[in-house]
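Q: Take a look at this one; I'll ask things after.
The values are calculated or read from the model by the stated rules, or taken from the named source; none is laboratory data. Bear in mind the structure is a predicted one, so any value in this text is a computation, not a measurement. Note that we place each Cβ from the backbone using ideal geometry, even for glycine, and neighbour counts take in every protein chain shown. Remember, those area values only see protein heavy atoms, side chains included, never the ligands or the DNA or RNA. Shrake-Rupley method; radii C 1.70, N 1.55, O 1.52, S 1.80 Å.
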Amino acid sequence: MCRCDVAAIAQAQLAKYRQALRVDAGLLGLVLFFCLSLAPAGSWAQMASEPESAAASLAPAASTALRHQAAELAVSQWSCGDLEAWRGALRRMDLGSANAHPRASSLPAHLLPPEKREAWSSVPLPDVRAASEGRNADASAAPYQMRWYRLRYAPDGTWPTSVALYMPRLVGLAAAVLVRTEEGWQPVFDNQAGAREQWVRPLWALIPSALTDTPKDQGLDIVLAVPVAADEPYSVPTVWLGAKEELEAKQGRRWTLQIAVPQATGLLLVVLGFFSLSLWLRRRDEPAYLLFALLTLAWLLRNLHYYLATPRTPLGEGWFWWMSNAALSWVMLLTFMFALRYAQRRFKQMERGMVVFVVLSSVLTLPWWHQPIAAPVLQHSANAVLGLVCTLFLLGLAVRGGRSAVNSEDGSRPLPGLTELRVIAVSLVICVVLGLHDLVLMAGWAWPEHLYLLPFATLISVATFLYAVQRRYLGALNEVELLNTQLAERLSQQSMELKSQYERLREVERQQALLLERQRLMQDMHDGLGSALLSAMVAVEQGSMDQDKVVEVLRECVDDLRLVIDSLEPVAHDLVALLATMRYRLGKRLQAGGLMLEWDVQDLPMLEWLEPPDALHVLRLMQEALSNVLKHARATRVRMVTRNHGHYVEIRVEDDGDGFDLATAQRGRGLKSQQRRAQRLGGVVRIDSSPGQGTRLSLRLPVKRPQAPGQQGPAESRTI
């Protein structure tokens, strides 16, 4: 097979492939999901079909740009060799200079536009042959046609210094532009480098200034050469000729809408894909975010032709478009699964069946299984089936979900994710409309100068994803606010209940404290004051107690009553203040008994555990020690000492009396009573005495008492 045959087959396959590439666009709803605040499809179509008209209406009156809606057409029947010779001749020429042009002899004479006038006829622009018309072409005709469109540029007024040719788009093989000079037709533009993308990109050709220096009254004859396959569709739109400065704005707007916007929105979708992936990495229990991230990757592969040039070899081109078409299937599948996950729905059997279907369709349409033309047709057929099933299922689910919410017991609250599901269903419908528009445009049935709107479905994807995330975010905020409100109400109610219970508990504790204090006072008065008075009364009645003894008993009873009263005074856990009160009460009695009190009291730390019952035990211990000195010691001096030893404090009562035998005294009741009181205080009492050496009583009390009074064992007490 010759090189021209390979090139011819590749070009024919490319045209069919591009047509089949968008057959599924209207049926699949490829981008599916995300509703953009776009204008309706009709508004976009109107803007796409008449951007030049709007610009022309705003142009100044002196505009030199002319829109050609008709041309003279001549058709040459070419063989494969003719097409290859034409391309080779153009490649050998230098068409990049703006001030010079190649010689006419560079092109073979039989490859130039016809010279006979009868070979030309008028034709309106756009000149379109639909796909169905191409398939009905005569099989015996030449494999290629060279369609020559002759245009004349003769502006009224001043000629521009630089003339440009602009076309919104062109469907066909590599186009070229020729200009009539004195030497004949001269090529000034060859689009072989961009022929594979001219179906979606605007055509822009500059005419060298050297060719515009012809007499201005004659005008400029220009031919647009468009080779087409005999059985393939083509589309030649209206042509603009005019000053470069005027047409650059039109070409720039068209390039932005057809190329720049799809590229930018595609990259924006990829950025959102990374954002969605980061959300999934933090919330592994939300598979919808992972599905959206994978969907953006598939969508990027689907639109890869906006970023990379199509491979030049037939094999590379086949694999390139297979990847694009297979990615479209995965886009639809992932969109469908994303919608279900985001709406909190699961249909496991159907999802598995669709995954198997997509995998099989992707494998069965690999380039090495089928003819290069049959594989895209099979892939698009599978895409059409998948897109139709996805769209109808989601629409039905959205409708059924709404009815279920209305018929439920709580009809005021919609089912979870129903709003997002409806938005996705609406985006599917929008994408179907966009796809149908592109299908009609690709097939050549209507609107040959419109934009391809399907790439703008990326904007729908972006807008719908942002809307879904916003709904999820606002829903989470509303739930948090509702939970916070409910929690605040519960906390307020529980706080009031706890406050009420606390008040009741405080009242119970107060009553219990009063009761315990009454019982303690009654017990102390019964055991101490009451017992002494009763004994004195019995002795007086029996006549066994003289008056002085009775006075002494009564004085002791009064002292005991004063101790009980002093123990009720608030001492703020201050042991020194408690001892000072006792000194005030007993000082006169000691002085009357001939004892001199030496006060060697140092500051002591606060005893947090020292309460009125404990204070009474301390006072009784000190009272009993002083009473023993006063009654039995025959001492002249008594000394009160306090010391701080860190983890315990010490109170000592020392006298210079006769002393006694400690071994004999331990069998008495007085020492045992003092030891019991010290144990209740969590401390220990120690008495040192010997005959003729006086007596020293030492009471050691802990600064911190971890246990309740009376619970320390003897071993622990002895360690103080």
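Q: Determine if segment 160-176 includes at least one residue that is among the polar types (S, T, N, Q) and open to solvent by 40 Å² or more (accessible area, probe 1.4 Å).
A: Yes; the residues of segment 160-176 include at least one that is among the polar types (S, T, N, Q) and open to solvent by 40 Å² or more (accessible area, probe 1.4 Å).
Q: Specify which of the listed residues (VAL649, VAL618) is on the phi < 0 side of the Ramachandran plot, touching a Pro at 6+ places or on another chain (Cβ under 8 Å), of a type in the set (Val, Ile, Thr) and touching a residue at least 24 places away in the same chain (Cβ under 8 Å).
A: When all the criteria are applied, what remains is VAL649.
Q: Go through segment 180-237 and report how many residues are assigned to a loop (DSSP other than H, G, I, E, B) and either under 22 Å from PRO124 (Cα atoms) or not hydroxyl-bearing (Ser, Thr, Tyr) (or both).
A: Qualifying residue count for the region: 23.
To keep it simple, each residue is scored yes or no on (1) modelled with pLDDT under 70; (2) closer than 30 Å to PRO612 by Cα; (3) out of contact with any helix residue (DSSP H, G or I) (no Cβ under 8 Å at 6 or more places or on another chain).
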| position | (1), (2), (3) |
| --- | --- |
| ARG510 | no, yes, yes |
| GLU517 | yes, yes, no |
| GLN523 | yes, yes, yes |
| ASP527 | yes, yes, yes |
| ALA536 | no, yes, no |
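Q: For segment 310-336, what are the residues that are assigned to a helix (DSSP H, G or I) and either open to solvent by 30 Å² or more (accessible area, probe 1.4 Å) or without any contact (Cβ under 8 Å) to a residue 12 or more places away in the chain (or both)?
A: PRO314, LEU315, GLY316, TRP319, TRP322, MET323, TRP330
Q: Would you point out the residue of segment 316-349, among those that are within 23 Å of the chain's Cα centre (by Cα) and among the small types (Gly, Ala, Ser), that is farthest from THR464 (Cα to Cα)?
A: If we take residues in segment 316-349 being within 23 Å of the chain's Cα centre (by Cα) and among the small types (Gly, Ala, Ser), then ALA343 is farthest from THR464 (Cα to Cα).
Q: Another question about this same structure. Does at least one position in segment 669-688 carry a residue that is in a strand (DSSP E or B), free of Cβ contacts under 8 Å to residues at least 24 places away in the same chain and open to solvent by 50 Å² or more (accessible area, probe 1.4 Å)?
A: Checked against the condition, which is being in a strand (DSSP E or B), free of Cβ contacts under 8 Å to residues at least 24 places away in the same chain and open to solvent by 50 Å² or more (accessible area, probe 1.4 Å), segment 669-688 yields at least one hit.
Q: Any idea which of ALA45, ALA85, ALA89, ALA55 is under 24 Å from LYS244 (Cα atoms) and either touching a helix residue (DSSP H, G or I) at 6+ places or on another chain (Cβ under 8 Å) or at pLDDT below 85 (or both)?
A: ALA55
Q: Looking only at segment 641-668, filter to residues that are among the basic types (Lys, Arg) and modelled with pLDDT of 90 or more; which one of those is most open to solvent (accessible area, probe 1.4 Å)?
A: Filtering segment 641-668 for residues that are among the basic types (Lys, Arg) and modelled with pLDDT of 90 or more, the one most open to solvent (accessible area, probe 1.4 Å) comes out as ARG643.
Q: Still on this structure, I have one more. For ARG341, indicate whether it is open to solvent by 10 Å² or more (accessible area, probe 1.4 Å) and farther than 19 Å from GLU197 by Cβ.
A: Taking the combined requirement at face value, the residue satisfies it.
Q: While we're here: So, in segment 446-461, exactly how many residues are open to solvent by 10 Å² or more (accessible area, probe 1.4 Å) and either within 16 Å of the chain's Cα centre (by Cα) or closer than 17 Å to ALA293 by Cα (or both)?
A: 1
Q: Residues of segment 573-603 being in a loop (DSSP other than H, G, I, E, B) and farther than 26 Å from GLY646 by Cβ, which ones?
A: GLY593, GLY594, LEU595
Q: For the subset of segment 278-307 comprising residues that are polar (S, T, N, Q) and in a helix (DSSP H, G or I), which member is farthest from ARG346 (Cα to Cα)?
A: Out of the qualifying residues, it is SER278.
Q: Let me ask something else. Could you list, in sequence order, all residues of segment 75-85 that are open to solvent by less than 50 Å² (accessible area, probe 1.4 Å) and farther than 13 Å from LEU111 by Cβ?
A: The one that is open to solvent by less than 50 Å² (accessible area, probe 1.4 Å) and farther than 13 Å from LEU111 by Cβ: CYS80.
Q: How about segment 154-179: which of its residues are farther than 18 Å from GLY242 by Cβ and without any contact (Cβ under 8 Å) to a residue 60 or more places away in the chain?
A: Scanning segment 154-179 gives a single hit, ALA175.
Q: Right, here's the next one. Of everything in segment 272-315 that's farther than 22 Å from ALA463 by Cβ and among the aliphatic types (A, V, I, L, M), which residue is nearest to the chain's Cα centre (by Cα)?
A: LEU281
Q: Let me ask something else. Of all residues being within 18 Å of LEU340 (Cα to Cα) and of a type in the set (D, E, K, R) in segment 260-302, which is surrounded by the most Cβ atoms within 10 Å (Cβ to Cβ)? Just the residue, please.
A: Among those residues, the one meeting the criterion is GLU286.
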